[in-house]
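Following: one structure in structure tokens, then a few remarks.
The values are calculated or read from the model by the stated rules, or taken from the named source; none is laboratory data. All of these numbers come straight from a predicted model, not from anything done at the bench. Cβ placement follows ideal geometry from the backbone for every residue including glycine, while neighbour counts extend to all protein chains displayed.
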Amino acid sequence: MRHSGISVVNPGSLSPTHSPLQVEADERRPIWYVMWPVRTLHGSRRVSRIVQLAVLGVVLISAPAHLAQTNQPASGIELLWKKLEAKVDQIVVPFDGVMGVAILDLTDGRSLVRNADQVFPTASSIKLAILLELYRQDQEARAGGKGKSKLDDSYTFDPKDLIEDSQIMAGLTPGVSRVTNRDLAQFMVAVSDNAATNVLYDRVGKDNVNAMLNGLGLTKTKLRRKMIDLAAARRGDENVSTPHEMVLLLDAIHKGKILNKEATAAFITQLSTLKKSSYLSTLLPDGVQVADKPGDLDGVRTDSGIVFAPNRPFAISIMTAWDRDHRAAEHAIAEIGLGCYNFFEMRGKTTEYGRILPPVNAK
């Protein structure tokens, strides 16, 4: 072919009377040869030294345009993100069961997902939706709405409400102990008390919870039964969601799309109550705020919440099923939680070039 008035040919087509100039950018690019006439066997033609240098100049000028590197190097932030992805994959892929993960940067909306649209049993993580509906109804009641549950509504303990895993409610005095819906919510969040949860389930209404979820476009997240209802579970009436929808729910809460500013702050404060069973918190440094609701059933471990890494909060949902080893599942959730925290904590204190700067108010 022709290139800038110079013959550019494949090396296989060269004759013994041609002198090639090889221009090679790197091992991955084709090698081209530029030829020009030189003295023949009969001495009939010559190319002056000046012409040869001129041709060489044209080649050296034109070659970079053809051989220029087009790929830009990844930024430091991109490299860190890829490391986080690799760490998550190292845990998700070999997991003995099925694990779904959704991680959402609440600052820029970037997400990391693995099996995130798989439907899983929520276990007690569904209590997050019950708590949210209680706060939503309380907000409506304060605005004059009728027939809504309020946080300050009272409840007198009835032993008929007791079921398995009701550590706090079991210690109340029948007919005497009086608590509020806010107290019941605290029992539900702090120790996952199932009797307290079922009382709130009746008070806010299953259909209202599902209507709220559907209104947010969360069609795979469903509250179908009370806690510890094995007959319903055997019928297939399981409480379910996906990691993707759980982080979307958390994102809507964080952005104030469901509750006003005051109610959102109160909700997050209550959800941030310290919990012994919080898998996401297990490996995090002391003092890190985590607004989450873990859950466990036989063969199932889940945890969904907001981790308030300094200057860079993120929503995370990890759901597992078909777990052969419950302890391994809990540790896997904790490991992913720590990996995410390390990324977002570093991201929150560095510039785009990776320099760690002191806080704005630091002296």
Residue among ALA116, ALA129 that is part of a loop (DSSP other than H, G, I, E, B) and small (Gly, Ala, Ser): ALA116
Might you let me know whether the range 92-109 holds any residue that is assigned by TED's automatic domain parsing to the domain that holds MET227, over 19 Å from GLN270 (Cβ atoms), of a type outside the set (S, T, N, Q) and in a helix (DSSP H, G or I)? no
Any chance you could count how many residues in the range 338-363 are farther than 28 Å from THR282 by Cβ and of a type in the set (Lys, Arg)? 2
Restricting to the range 166-205, count the residues that are more than 33 Å from the chain's Cα centre (by Cα), surrounded by 17 or more Cβ atoms within 10 Å (Cβ to Cβ) and either in the same structural domain as ILE268 (by TED's automatic domain parsing) or closer than 24 Å to SER272 by Cα (or both). 3
Is there a residue in the range 317-334 that is in contact with a Leu (Cβ under 7 Å, 6 or more places away or on another chain), modelled with pLDDT of 95 or more, within 26 Å of ASP117 (Cβ to Cβ) and not charged (D, E, K, R)? yes
Where the second residue is in a loop (DSSP other than H, G, I, E, B) and modelled with pLDDT of 95 or more and the first is within 16 Å of VAL189 (Cα to Cα) and polar (S, T, N, Q) and lies in the range 292-313, which pairs have Cβ atoms under 9 Å and are six or more apart or on separate chains? THR302/THR122; THR302/TYR279; SER304/THR122; SER304/LEU280
Would you call LEU283 among the hydrophobic types (A, V, I, L, M, F, W, C) and either under 18 Å from the mean Cα position of the chain (by Cα) or outside the structural domain of LYS83 (by TED's automatic domain parsing) (or both)? yes
Would you mind stating whether ALA321 is over 17 Å from the mean Cα position of the chain (by Cα), under 22 Å from LEU249 (Cα atoms) and assigned by TED's automatic domain parsing to the domain that holds TRP81? yes
Any residue at all in the range 348-355 that's in contact with a helix residue (DSSP H, G or I) (Cβ under 6 Å, 6 or more places away or on another chain), surrounded by fewer than 16 Cβ atoms within 10 Å (Cβ to Cβ) and in contact (Cβ under 8 Å) with a residue 12 or more places away in the chain? yes
Pick from the range 208-255 the residues that are part of a loop (DSSP other than H, G, I, E, B), over 22 Å from the mean Cα position of the chain (by Cα) and among the aliphatic types (A, V, I, L, M): which of them is surrounded by the most Cβ atoms within 10 Å (Cβ to Cβ)? LEU223
Taking ARG142, is it out of contact with any Leu (no Cβ under 7 Å at 6 or more places or on another chain), loosely packed, with under 14 Cβ neighbours inside 10 Å, assigned by TED's automatic domain parsing to the domain that holds ALA196 and at pLDDT 95 or above? no
